[in-house]
Structure formats: C-alpha cells, structure tokens
Amino acid sequence: MIYHGNRIKIRDDADPGLVAQALDALREQGRVIPAVTAFIVGREYGGDFDWGAVFVLEDLDGYWEYLNHPAHARSERLGIPLMARFEAYDITDDDSPDFAARVAALQKRHYETDPELLAAMPSDTGTSVHRTPDKP
C-alpha cells in the first residue's frame, strides 16, 4: 500500500478562482483514477503549506497508472503554475530496499514525457523527479 502525498504552497499572486479549479481537479483525480483507492484533499494546518492531498494506491503499477492518467495531467497543468512551493512524499508498507529508487524512476519517466511541465515545477523536495539520483 502506498500513501502518495502532496504539500502545496500557493503563490501570493495566484487567482483564487484558478486555485479553486486546481483543487477541484485534484479531487476529481481522486474520484476518477481507478488506481486510487481512497483520497483526501484539504487545507494543511501546522506547517508552512496551504493545501495537501493524499492518494492511496495499491502498488507501484497503480502509482504509474495514477501518474499517467489524464485527470492527473489536468491537475498538473492547472496547479503547477499556481505553486510557490511543492513537496511530494510517499508512505508505504513495501519494505523493498529499492522502493525509493523505483518511485523516483517512475517520476522521472513521467516527467520525461513532458519536459515543459518539469521546467514549470517550483523548487521542491520529496519523491519528485528533482530528487532522483541523477538530479540533485
């Protein structure tokens, strides 16, 4: 089981209407992506981010399906331009020693299909492509 989390800090100058659309797109991906077994999108409290989302995925095959689903692509296209900061993380009961490398490889492969999207990503941490072994 994988709990894939996203933490989002919205740019100060972001249009509130566009932010609402992006949050709706995150909720929609939770509803329509078959690999997502549960999800939550909401305000973050106690940290330095504004919003958070967690998507529950059964395994890495489901993770790949999630990354490549059109609903996820729509969320990225709407949300990335509004972000000041972004953090992705994964919590799993998969104790494979190469789990982190396999997630990084999926993320890298995903962003290789759309380099412009990667270029638009704000500086971030976590399991995103920026943290893969070949990109410090």
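The values are calculated or read from the model by the stated rules, or taken from the named source; none is laboratory data. As the structure is a prediction and not an experimental result, all values here were calculated from the model. Quick reminder, even Gly has a Cβ in these numbers, built from the backbone with ideal geometry, and neighbours come from all protein chains shown.
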Practice problem: Say whether the condition of being among the acidic types (Asp, Glu), within 19 Å of residue 22 (Cα to Cα), surrounded by 15 or more Cβ atoms within 10 Å (Cβ to Cβ) and over 14 Å from the mean Cα position of the chain (by Cα) is met by at least one residue in the range 47-68. | Solution: yes
Practice problem: Return a yes/no flag: does the range 77-97 have any residue that is in a loop (DSSP other than H, G, I, E, B) and in contact (Cβ under 8 Å) with a residue 60 or more places away in the chain. | Solution: yes
Quiz item: Out of 62, 5, 46, which single residue is at positive phi and out of contact with any Gly (no Cβ under 6 Å at 6 or more places or on another chain)?
Solution: 46
Exercise. Mind counting the residues in the range 100-136 that are part of a strand (DSSP E or B) and either surrounded by fewer than 13 Cβ atoms within 10 Å (Cβ to Cβ) or at pLDDT 90 or above (or both)?
Key: 0
Quiz prompt | Search result, residues across the range 1-45 that are surrounded by 12 or more Cβ atoms within 10 Å (Cβ to Cβ), part of a helix (DSSP H, G or I) and basic (Lys, Arg) | solution = 27
Exercise. Taking residue 72 as the residue in question, decide whether it is crowded, with 19+ Cβ neighbours inside 10 Å, outside any strand (DSSP E or B) and either over 12 Å from the mean Cα position of the chain (by Cα) or modelled with pLDDT under 90 (or both).
Key: no
Quiz item: Among all residue pairs at least 6 apart or on different chains, which show Cβ distances below 8 Å where the first residue, located in the range 39-66, is among the basic types (Lys, Arg) and the second is crowded, with 18+ Cβ neighbours inside 10 Å and in a strand (DSSP E or B)?
Solution: 43/51; 43/52
Quiz item: Looking at (1) at pLDDT below 95; (2) surrounded by 14 or more Cβ atoms within 10 Å (Cβ to Cβ), which is the only condition residue 97 fails?
Solution: (2)
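Residue by residue, here is whether (1) modelled with pLDDT under 95; (2) of a type outside the set (D, E, K, R) holds:
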{"site": "20", "(1), (2)": "no, yes"}
{"site": "33", "(1), (2)": "no, yes"}
{"site": "47", "(1), (2)": "yes, yes"}
{"site": "50", "(1), (2)": "no, no"}
{"site": "53", "(1), (2)": "no, yes"}
